[in-house]
Structures are given as C-alpha cells and as structure tokens.
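Student: What follows is a structure written as structure tokens; I'll ask about it next.
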C-alpha cells in the first residue's frame, strides 16, 4: 500500500462534482503534481487532504491510517499557500516557530530548529523582519520554512510560485526541487503551469473536471498522452489529419505536407512557425542552430515520424 | 499651474471656514467673556469661566462622569461589536447581507427615536419590560435604568455599536482568508487561532473603532439628555443647559471648548500610539 492513498475521493458542491472519484497512491518521498486548468478540482483535492474541506465520499489514508478521522490541526501536514498566508503581525522567526510552539517544543530547541530551517531556505539573516518588509520571493521562502520546520509527513504546495515573476519562479523551482530531494519529504504540488509540474515532479496527475485524465511520469505523459485533453494541456500540439503531433517533432523537408509560412517568431533558443497547410494551421518549433531558416511567405514541406 | 489645486478646493475651504472655523473661534472667544444675571454677556477678557470649570468639583465630577461613560461605552461596543463583526464575516452570502442590514439599519433611524425606545422599555414602572417583569413576579420594583449611568452606557453602546462593527468589519475584510487555515494546519486549535492570529490582526480596526465610539460617546447629546436627563448631566448636556436655560453662554462655551480640546487630545494621542505600535506590521 502506498504512503498516501486517495480512494475514490469525491467532493460535490451541490450538484457540481469538484472532485469526482479520484484514486491516487503517493509513495514516500515522492514529488507528485496535480496539474490542470482552473476549476479542475486540483485545489479542492489539496484541501481535502489538508482537511479544510470534507469529502462527500471516498477515503484518504496515510501509512494505512484513516486520515479523515484526524482533525486538520492534528494531521501534521506542511502547507504552502498561494498567498503564502504568513502571519503579518509576527516576525519571520515567530512565523516559522509557530508550528513548533503549537507542538509544545521548548523555546531553546525552537530557536535552533527555526534557525536551521531559515538557513535551509537562505533566509538566515532575516529572523527579526516582518513579512511586509520582505519581497515576494522572500515571503515565499518563509512560507516554505514554516511548512518544513514541523517535519511534516507530507508537504502540500498550492500554486506556491504563481505570484513570482518568471525569472524568480525558475530559480525557486530549482531550489524547491533541491530542498525536497535533500529532505526526502513527500510532496504534493498543485499547479496550472505544465512547465513547472514537469520540471519538479516524479509523477503528474493531469486533472480535468474532477477526474484524473492521466497519472504518470512527466516524460511519459508528454510523449504518450492518454487522452486528447492531456495532449493539448501538456505543451503545444498540432492536430494534423486526425493525428496529434508535437511542434518540435516536425521538420522542414524536401517533401511531405505542403504549406506556406504564415508567421515566424524568434524565441532565442528556437524558432516558432505557423505554417498554413491543406490540413489547417500547423505550429512548428525548430532549434536555433544558426543555419538559414525559411522566411514568412516561403513555401515549405513538413515531415514527421509517425507517432509511436 | 500650482494655484489650480488651491483654487479648486477654495469653495470647500470657504464653507469649512464659515461653518466650522469661525463659530469655533467665536466660541473660544466667548469662553473668556464675562456674564452676570442682570448684565448679560460682557465682551471683556476674564479667566473667570475657565477658573470655575477647572477648579469647581461639580465640573470635575461631571467631566469625570462624561469620560467614564465614554470609556465604558467603548469597552462594551468592543466586547460585543468585535465578535459580532467576526461572526458576521463568517456567515454565508444571503445571511451576511441580511444581518449586516440589521446592524447598520438603525443608523437610518434617528438617535432620538432609538433612545426613546429604551425609555419605553425601561422607563420607570410604566416601561414595557419593567411592567412585564413585575407582573411575572421576577422583580418587585422597576429596574433602575432611567437617570442612571448604567442606562446611559447601555443606550449609548446600542446607538454607537454600528461604528464599531463597521470598523472591525473593514479590518476583517483585509484578513487573508487562508491565514486561519495556515494556523490550523500548524496545529492551532480554534481558540488559539482567534487569540493569536485573528485578534492581533483586527486590533487596529478595534482601536480605530474605539476612537470613533469614544469621541461620539463623549460628545453625545441626545441619548444622555433623554436617558440621563437633568439628574445625570454630562459635558454636552451641561453646556446645553448653560446656553439655553441659565443663559450663561460664556460658561457653556468654556465647558464645550474644554470637552473639544480634551477629546482632540485623547483621539490624537491614541491614534499616534496605535500608528506607532502597528507601523512595522501593517503598511
């Protein structure tokens, strides 16, 4: 049996099923992402695990114990909220130490562990600051430290990076992954950002309408999407003559599907083309190798290997 | 053009000057004039009124009572209004609007009407509640409410409650709804969440509500006039009596000006304290 098991978990709000019979097993130390568009039920699933929402039916077990029988305050889960939900009237050290205080950890031990955890997230020098005096990225780290310091059995991350700018988000992704690997904390990430989910996770749960469309490793889900929804949600896809083809798998060739380049966009490491063909508009991504490339208005032929 | 903003606000400034500044200055000047039973007001400069107001134990007791009532009203509205706002904030959508209306609705009714309601309920042996309690045999004499400090405090607290609820409500609106969940997830029970997480964050709201309620309670006229009457005077009813009954305008002016200055000092002092206390935490 898995470390954390969701068994046909269902949550209805009125007649609307936010989570609809979701079953999932998460192994100890695993990093699993719940990925999907807004309203797909990923956040509700997280709240069900955290205990902020009661399921309509189904079960959740942690190490074989029924988690639903445990009060939210006793579940011992670390949660990082999208808004960070830091306590604005407390200093960084008080924020991070709050969970330990609730566990009745002695003051000296608390100071030591708070210091350790803040070092881990690179905020060792900020203990006396108030959240308002810190940048978004720093607040994000405080929220992470606050969740990690209680040595949670599971770390729940609710869109933790969505409020950061693109560059900072990338840095935090790398850092988050390193911290998670070094501590070995079982982690569940909720996100709508497929790139983030693929970069961080061991496994993805691609969700739509409260159901899991596909559960699998990022690479596997990308290369062999189980449903058209997964194919379109994970990265860009073309639907050419009934077959789905990834834009980066299509090459310009001497012969093949004839078309005209409509637009060409330079994106640094690669070129993005929209090619008009008899089968519709096809998106093509080619590596920027420095070689000459077709220009807008050029007649081209497209070729790709048949899907495996 | 640098003069434009001043020109644009000139009409408002003129109105403000005409209806606030000028009468205020005239009241201050009036408090230094002399008055006699037969000679009336004499436009001279004497410190007689101020000397009387500041040394006579009658005025001292009356000012002391005014601020004691204001303080108790503030305490009562905070103790009842803050939880009320919190409960209101947690209600679901149709009920929330309904109960907010119930709380704010009385603001649409005249203070006099609301206060007379209390008089009808508790006014001596003919008050509805007193009558009912006596006929049920629960009490033998009517509850002392009219002409008592308790009565004035209760009626004022009722009249001023919406201001406290609104101030706390505004503070609660700024609260991140996930913050309570965050505390729960870290192992805090419901009482700890309220005391350690919610209360400190809405404290600025409670304090700003307290400043408003205190100022309004200390300067209130209609409610103390109806419930307290002539027997239980506060600063505002005393000033009224000096102006309209004794016709000693200069003495009334001294009382009014002293009340104003004391209130301004208390309100500004408290606001400064609150601002300094919370400057770091709340931007």
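No lab work stands behind these numbers, since they all come straight from the coordinates. Note that the structure is predicted; figures quoted are calculated from it, not measured. Cβ sites come from the backbone with ideal geometry, for glycine too, and all protein chains shown count toward neighbours.
Student: Using Cα pairs closer than 8 Å and at least 6 residues apart in sequence, work out the relative contact order for region A:238-303, in percent.
Tutor: In percent, rounded to a whole number, it is 42.
Student: Hey, another quick one. Helix B:249-278 sits at what angle to the longest principal axis of chain B, using alpha carbons and giving 0 to 90 degrees rounded to 10?
Tutor: 30 degrees
Student: Using only atoms on other chains, find how many Cβ atoms lie within 10 Å of each Cβ of peptide B:175-183 and report the average.
Tutor: Other-chain Cβ atoms within 10 Å of each residue's Cβ, averaged: 6.
Student: What does the highest-first list of B:39-48, B:65-74 look like by mean Cβ count within 10 Å?
Tutor: Packing order, densest peptide first, comes out as B:65-74, B:39-48.
Student: Over chain B, calculate the relative contact order: mean separation of alpha carbon pairs under 8 Å at least 6 apart, over the residue count, as a percent.
Tutor: For chain B, the relative contact order is 26 percent.
Student: Just the number, please: Stokes-Einstein D of the protein assembly as shown in µm²/s, Kirkwood Rh from C-alpha pairs, 4 °C, 1.567 mPa s.
Tutor: 43 µm²/s
Student: To continue, here is another question. If you average the alpha carbon positions of region B:103-139 and of region A:253-281, how far apart do those two centres end up, in angstrom?
Tutor: Value for the Cα centre distance between the two parts: 83 Å.
Student: Show that you can apply the helix-only estimate: for chain A, add -39,500 (n - 2.57) for every DSSP H stretch of four or more residues, divide by all residues, and state [θ] at 222 nm to the nearest 500.
Tutor: Calculated at 222 nm, the ellipticity per residue is -8000 deg cm²/dmol.
Student: For chain A, what's the relative contact order in percent, using C-alpha pairs closer than 8 Å and at least 6 residues apart?
Tutor: Relative contact order for chain A comes out at 18 percent.
Student: Same structure again: Taking neighbour counts of Cβ atoms within 10 Å as a proxy for exposure, in what order, fewest first, do A:52, B:214, B:261 appear?
Tutor: Sorted ascending by nearby Cβ count, the order is B:261, A:52, B:214.
Student: A follow-up question, please. By its C-alpha gyration tensor, with a ≥ b ≥ c as the square roots of the eigenvalues, how is chain B shaped: rounded for a/c under 1.5, else prolate for a/b larger than b/c, else oblate?
Tutor: oblate
Student: Rounded to the nearest 500, what is chain B's calculated 222 nm mean residue ellipticity when only DSSP H runs of at least 4 contribute -39500 (n - 2.57) each, over all residues?
Tutor: It lands at -22500 deg cm²/dmol.
Student: Rounding to the nearest 10 and keeping the result within 0 to 90°, find how far the Cα-based axis of helix A:92-102 lies from the longest principal axis of chain A.
Tutor: 60 degrees
Student: Within a 10 angstrom radius of the beta carbon, how do A:223, A:54 rank from fewest other beta carbons to most?
Tutor: The fewest-first ordering by Cβ neighbours comes to A:54, A:223.
Student: Rank these for me by crowding, B:140, B:9, A:33, going from fewest to most other beta carbons within 10 Å.
Tutor: B:140, B:9, A:33
Student: Across peptide A:44-53, how many C-beta atoms of other chains are within 10 Å of each residue C-beta, on average?
Tutor: Mean inter-chain Cβ contacts per residue within 10 Å come to 1.
Student: With no solvent and one equal point scatterer placed on each C-alpha of region A:63-113, evaluate the Debye formula and give log10 I(q)/I(0) for q = 0.20 Å⁻¹, two decimals.
Tutor: So the normalised log intensities are -0.86.
Student: So how do B:109-120, B:223-234, B:194-205, B:16-27 stack up, highest first, on mean other-Cβ count within 10 Å?
Tutor: B:223-234, B:194-205, B:109-120, B:16-27
Student: Still on this structure, please answer the following. Along its three principal axes, how long is region A:4-229 when you only count alpha carbons? Whole Å, largest extent first please.
Tutor: Ordered largest first, region A:4-229 gives principal extents of 50, 40, 31 Å.
Student: Nearest 10 degrees, 0 to 90: what angle lies between the long axis of helix B:235-244 and the longest principal axis of chain B (Cα atoms)?
Tutor: Helix B:235-244 sits roughly 30 degrees off the main axis of chain B.
Student: Something else now. To the nearest whole number, what is the average tally of beta carbon atoms from other chains within 10 Å of the beta carbons of peptide A:96-103?
Tutor: 4
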